[in-house]
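Report on the following structure.
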Amino acid sequence: MHTNKIWLLFLGIFFIATSMSYAQGLKDLMPERLTIGAALGAAYYAGNDTLYRQVLAREFNEVVAENELKWYQLQPLPGVWDFSKADSLVAFAGRNGMRLHGHVLVWHQGLPNWLQQGNFTRSQMLGLLKTHIDTVLKRYRGSFASFDVVNEAFDDQPNGSYRRSIWFNTIGRDYLDSAFVYAHRADPSLKLYYNDYNIEWINAKSDSVRLRLNQMRQRGVPVHGVGFQGHFILNLNNGFLNSLRQNLNRFAQAGYEIRYSEVDIRIPAPTTQAKLLTQGRDYSNLLRISLANNAVKSFTLWGFTDRYSWIPGFFSGFDDALIFDRNYQPKPAYDSLRAVLQTITHLPTGQHELSSATKKAIGLTPLQAKTWLSQQTKPWRLVNLQGKTIVSNQKTPNPIETLKPGLYWFIEEGREGGAVRLLVE
Ligand code: XIL
């Protein structure tokens with residue numbers, strides 16, 4: 001054979017092999033109720049980085065615009081709209097079967113100069129707010145599943161009080177109520193979110209945000225969900241993870257849907273192999289926490305490749321916060337997420353036998369676990385892929401015998417990262 005041809009053959013085998021190893025992206029391993037998303041950045045619109053699009057579509061089933069739905073992009077001049085990038089994002093999501101989350105209708109940043117310097121009155125400002133929300137949401141009716149209506153309305157100090165933003169200063173604290181009501185009227189089927197940082201764990205700010213949002217709901221304001229941004233620093237310790245879980249539980253119990261909405265875990269320079277492994281552990285703990293609580297609907301990263309990330313520009317001395325490196329190679333963080341999703345504990349009950357085709361289809365790597373359940377010391381429950389709790393050992397005496405064969409998430413209550421995929425047959 002001609003050397004050229006041999007070379008091509010090798011190349012072909014190599015491509016088949018690499019594409020096969022990722023035949024299933026992270027998205028294919030997620031339970032149905034929990035999407036895995038990424039913020040789509042400027043690289044997408046530049047259009048010359050095809051790998052960027054490929055990896056995004058292969059791994060994620062949700063996208064959110066990093067900047068392209070902010071005011072300065074959509075309404076650069078009063079009444080002058082530019083939907084070109086937003087339209088392109090919506091088309092990309094449609095082509096790739098991705099869920100769309102919108103970011104953001106009301107924020108103190110990302111505002112055009114004309115708005116910031118306009119010296120508008122309260123009623124003018126309310127009018128502008130309503131027109132903006134109406135125009136955006138009516139244009140995209142049916143395209144977005146959920147939307148950040150208000151972002152970062154509360155300050156870190158003192159104790160999560162109202163941020164003195166242009167919205168607060170011009171309209172007053174009721175701008176939040178108005179924004180949510182306008183949004184609900186413009187698209188009643190949209191899930192409306194409040195989104196913020198430093199509210200992911202239990203602290204004065206999350207206390208305050210929970211209280212204010214509850215009060216809004218008591219007034220009948222339609223707030224459906226809370227976005228925990230999740231811009232974290234490497235090395236999430238157990239105390240912190242516990243606080244994340246408890247905070248998640250208390251928001252879930254209050255009736256909110258939750259999104260981890262802008263996750264990245266930044267590494268203090270210099271990045272070392274050991275730190276990359278720690279980052280993997282951090283990512284997997286965060287995903288396990290999300291898997292263990294049915295209220296969590298999305299696990300969304302603020303980008304996906306270290307090639308493009310807001311981190312180095314905003315946090316000097318930090319970088320490498322995402323799960324792919326600059327050359328789109330998976331980092332330990334990626335492998336850790338994948339391992340959480342892929343590791344299946346196989347629980348033969350002796351009552352059913354799954355076909356080998358089924359086992360193959362779900363990529364079963366059995367880890368025999370006959371005695372596994374009897375070793376469990378904490379209360380647990382089994383959750384189906386839609387997120388419904390099917391049995392718990394607290395309520396059902398012989399839980400396994402009552403189960404149909406299939407894939408479940410095994411959730412161990414109160415344990416660090418207690419979620420494992422479980423195949424029952
Ligand atoms: C950031 C973008 O990533 C940057 O490109 C932009 O310059 C500033 O905004 N919280 C948010 C996001 O809600 O909108 C921010 O995104 C990051 C912090």
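The values are calculated or read from the model by the stated rules, or taken from the named source; none is laboratory data. Every value quoted in this text rests on a predicted model; they were computed, and no experiment measured them. Every residue, glycine among them, receives a Cβ derived from its backbone with ideal geometry; neighbour counts consider all protein chains shown.
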Where residue 228 falls short, out of the listed (1) of a type in the set (Phe, Trp, Tyr); (2) touching a residue at least 60 places away in the same chain (Cβ under 8 Å); (3) within 19 Å of residue 296 (Cβ to Cβ): (2)
Test: residue in the range 267-289 that is within 16 Å of the ligand (Cβ to nearest atom) and either surrounded by fewer than 16 Cβ atoms within 10 Å (Cβ to Cβ) or not aromatic (Phe, Trp, Tyr) (or both): no
Candidates 57, 65, filtered to the one that is of a type outside the set (Asp, Glu), farther than 19 Å from residue 182 by Cβ and in contact with a His (Cβ under 7 Å, 6 or more places away or on another chain): 65
Within the range 163-280, helices (runs of 4 or more DSSP H) holding 3 or more residues that are within 17 Å of the chain's Cα centre (by Cα): 238-253
Criterion (closer than 20 Å to residue 150 by Cα and either assigned to a strand (DSSP E or B) or at pLDDT 95 or above (or both)) met by exactly one of 104, 90: 104
When residues of the range 30-54 are limited to those that are away from the ligand (no atom under 13 Å from the Cβ) and assigned to a helix (DSSP H, G or I), the one farthest from residue 322 (Cα to Cα): 46
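Residue-wise test of (1) more than 16 Å from the ligand (Cβ to nearest atom); (2) in contact (Cβ under 8 Å) with a residue 60 or more places away in the chain; (3) assigned to a loop (DSSP other than H, G, I, E, B).
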| site | (1), (2), (3) |
| --- | --- |
| 86 | no, no, no |
| 97 | yes, no, yes |
| 120 | yes, no, yes |
| 126 | yes, no, no |
Extreme residue, surrounded by the most Cβ atoms within 10 Å (Cβ to Cβ), among residues of the range 182-205 that are hydroxyl-bearing (Ser, Thr, Tyr) and away from the ligand (no atom under 16 Å from the Cβ): 182
Residue selected from the range 99-118 under the condition surrounded by fewer than 15 Cβ atoms within 10 Å (Cβ to Cβ) and within 16 Å of the ligand (Cβ to nearest atom), by the criterion farthest from residue 181 (Cα to Cα): 113
Residue tally, condition in a helix (DSSP H, G or I) and within 16 Å of the ligand (Cβ to nearest atom), over the range 128-151: 1
Residue in the range 288-307 that is more than 17 Å from the chain's Cα centre (by Cα) and outside any loop (DSSP other than H, G, I, E, B) present: no
Spans of helices (runs of 4 or more DSSP H) in the range 308-418 with at least 1 residues modelled with pLDDT of 80 or more, of a type in the set (Phe, Trp, Tyr) and within 16 Å of the ligand (Cβ to nearest atom): 311-314
Pair list, Cβ under 9 Å, 6 or more apart: the range 142-162 residue in contact (Cβ under 8 Å) with a residue 12 or more places away in the chain and of a type in the set (Gly, Ala, Ser), other residue within 16 Å of the ligand (Cβ to nearest atom) and assigned to a loop (DSSP other than H, G, I, E, B): 153/107; 153/108; 153/163; 153/165; 160/198; 160/199; 161/155
In the range 223-257, the residues that are of a type in the set (A, V, I, L, M, F, W, C), within 16 Å of the ligand (Cβ to nearest atom) and under 30 Å from residue 187 (Cα atoms): 226, 228
Number of the exception - residue 82 against (1) within 22 Å of residue 46 (Cα to Cα); (2) within 16 Å of the ligand (Cβ to nearest atom): (2)
